[in-house]
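K.L.:
Structure in structure tokens, see below.
Every number here is computed from the coordinates shown, using simple stated rules; none is lab data. Since the structure is predicted, the reported quantities are computational estimates derived from the model, not experimental observations. Here Cβ is always computed from backbone atoms with ideal geometry, including for glycine, and neighbour counts include all displayed protein chains.
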Amino acid sequence: MRMKSSRMSGLIKSILLANCVVALSCYAATSFAAEDDSYSQDVVKMSETMTTVDCAQCHYEIFMSIKNGRGAHRLECQECHETYHSFRQGASYKESLPVCINCHDTPHGESEEMIACKTCHSVPHTPLASLSVVSLEPYCATCHAEPGEKMQSSNADHGKLKCGLCHSEGHGYVPTCQECHGVPHASSVTEDFDGCLDCHGNPHDLSLTAD
């Protein structure tokens, strides 16, 4: 009888121990899942009207480029993106984005190449900073007609060059003659002149002045 009781006691202990192991395993699994399961976390509901700071949580790179670029597009996101995260059925992604001419009209004229803004302003969030000499070069004469005509009609070496070779640092950059030519004349020759253009006229055609 005692032997049977001892066996029963050992069996009960084994069952209880197994239950404890199972319970601890379940607890550990539940605890681990709670940390990894996003839906187990407490969250605060975002405002119905998103702010620029809210947008930055996902669109961090764009936010930082505007912040550090300090251009005229340093605006609240919703000033341009009046509609966001909600697209009309059948409309493409591009059709849902703001259109430049809504704010800027047509500042460079209405020709086909001049209304394709992103051809030159490749990044609309930082339009001036994104101007590149390479992308601008085919269109320089469209805006700068007089220099373009002088370059085409010139027989001097400058007429054979591309705009970006001299205006190499970006749009609006005006180089000095010395950047390419150094000091080609002795000081005794140049001391009576204010600069190179006193003799060489316009840098785009290098026509020597009559004087």
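K.L.:
Would you please give the FRET efficiency between Thr119 and His185, computed as 1/(1 + (r/R0)^6) with r the Cβ-Cβ distance and R0 = 41 Å, to the nearest 0.05?
P.N.:
On the way: r = 41 Å, r/R0 = 1.01.
The pair Thr119/His185 has a calculated efficiency of 0.50.
K.L.:
Whole-Hz Karplus ³J(HN,Hα) for the range 126-140, in order, using 6.51 cos²θ - 1.76 cosθ + 1.60 and θ = phi - 60°, x for Gly and Pro?
P.N.:
9, x, 6, 5, 8, 5, 10, 4, 5, 6, 7, 3, x, 10, 4
K.L.:
Please express the Cα-Cα pair-distance distribution P(r) of the range 52-114 as a list of whole percents, one per 10 Å bin, running from 0 to the bin with the greatest distance.
P.N.:
Result, from short to long distances: 17, 41, 35, 8 percent.
K.L.:
Under 17 Å Cα to Cα from Lys162, which aspartates and glutamates show up? Leave out anything in the same chain fewer than 8 places away.
P.N.:
Leaving aside aspartates and glutamates fewer than 8 places away in the same chain, those within reach of Lys162 are Glu137, Glu146, Glu149, Glu179, Asp205.
K.L.:
Report, by chain and number, residues whose modeled amide H sits under 5 Å from the one on Met50, excluding near sequence neighbours (fewer than 5 apart, same chain).
P.N.:
Hits under the 5 Å cutoff: none.
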